[in-house]
Amino acid sequence: LQLASIWRLGPSFSDILLEQPYVRAVVRRGGELNLADLGKGFPPSPPQQKPAPPPRLYIRRLAVLGGTAVFEDRTRSTPFQAEFKPIVFELRDFSTRAATGDGYALEAASPEGERLLWNGTVHLAPFASRGVFEVADLKARTVWNYLRASLPFEIPAGTIALKGSYELGGGSPMALSLDVHHITVTGLGVRARGAAEDYIDLTRITVEETRVDLTKHSVDIAKVALSGGEIKAWLNEKRQLNLLELLSPTD
């Protein structure tokens, strides 16, 4: 975690501006998150009969300008790494006690031009958050690079875009629901690992109104549409269908 500079820190922490912060989050092979080390060394909190209220805090504006975030997952057989910059974040009228605006907005991009837009509200007492998000120009190859160890095929091409909303509510367990209103995948290519050409080319896939409820462990999809595409199928010299390689790689 690195802060290049703090432009202005008001006397009551009402205005905080951070320029070019850098965060590197690593999931180690054992599953531990490196950022958890920042909390080590502090004495344990004394036991309490009932949860203490959050400390009184008011932030009129918290802004992050030109931030960089790097994520690494070393639990996978092929380590995954992704970088996002510039990151622009703004939180306004945040309070741990009063019912203020508590509005936030986040923008992030990857070097490949993938973009994340996310804004909404957040409250601490009780903890709750709701808002909308949009992912644009996400490369299907990026998703495949993260899941490659568990997929028998390769995805060399494709672009993903999606828009949705979420609602996170307090309680035990905490309830989280996602409504992904629109997902579009264009130019998707799928081939066997190590193959020289795609076995499946899909021009456009559209998924409408997907609702995910993690509390109920349910996923509902209203509509899936496929337009345009090509499937290349043949039998090899052993009279085996090439498409079966997408289910179980020959190597």
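The values are calculated or read from the model by the stated rules, or taken from the named source; none is laboratory data. This structure is a prediction, so every number in the text was calculated from the model and none was measured. All Cβ positions, even for glycine, are placed from backbone atoms using ideal geometry, and neighbour counts span all protein chains on display. Just so you know, the surface numbers come from the protein's heavy atoms only, side chains and all, with ligands and any DNA or RNA stripped out. Shrake-Rupley method; radii C 1.70, N 1.55, O 1.52, S 1.80 Å.
How many of the residues in region 176-203 are charged (D, E, K, R) and within 16 Å of Ala222 (Cα to Cα)? Don't jump to the end; show me each part of the working.
Filtering region 176-203 for residues charged (D, E, K, R) gives 179, 191, 193, 197-198, 201.
This time we only want the ones that are within 16 Å of Ala222 (Cα to Cα), so: 179.
Going through region 176-203 one residue at a time, the tally reaches 1.
Which residue is farthest from the chain's Cα centre (by Cα), if the candidates are limited to region 1-28 and must be of a type in the set (Lys, Arg) and at pLDDT 55 or above?
Going through the qualifying residues, I end up with Arg28.
Hey, among Lys216, Lys238, Lys223, which residue is open to solvent by 90 Å² or more (accessible area, probe 1.4 Å) and assigned to a strand (DSSP E or B)?
Selected residue: Lys223, the only one of Lys216, Lys238, Lys223 that is open to solvent by 90 Å² or more (accessible area, probe 1.4 Å) and assigned to a strand (DSSP E or B).
Residues Val180, Val185, Val190, Val143: which one is without any contact (Cβ under 8 Å) to a residue 24 or more places away in the chain and either in a helix (DSSP H, G or I) or open to solvent by less than 40 Å² (accessible area, probe 1.4 Å) (or both)?
Going through Val180, Val185, Val190, Val143 in turn, just one is without any contact (Cβ under 8 Å) to a residue 24 or more places away in the chain and either in a helix (DSSP H, G or I) or open to solvent by less than 40 Å² (accessible area, probe 1.4 Å) (or both): Val143.
Is at least one residue of region 202-213 out of contact with any His (no Cβ under 7 Å at 6 or more places or on another chain), modelled with pLDDT under 95 and not basic (Lys, Arg)?
yes
Restricting region 29-76 to residues that are at pLDDT below 70 and open to solvent by less than 70 Å² (accessible area, probe 1.4 Å), which is nearest to the chain's Cα centre (by Cα)?
Pro54
Out of Thr121, Thr203, I need the residue that is on the phi < 0 side of the Ramachandran plot, polar (S, T, N, Q), part of a strand (DSSP E or B) and open to solvent by 70 Å² or more (accessible area, probe 1.4 Å). Which one? Steps first, answer last, please.
On the way: Thr121 fails: open to solvent by 70 Å² or more (accessible area, probe 1.4 Å).
On inspection, the qualifying residue turns out to be Thr203.
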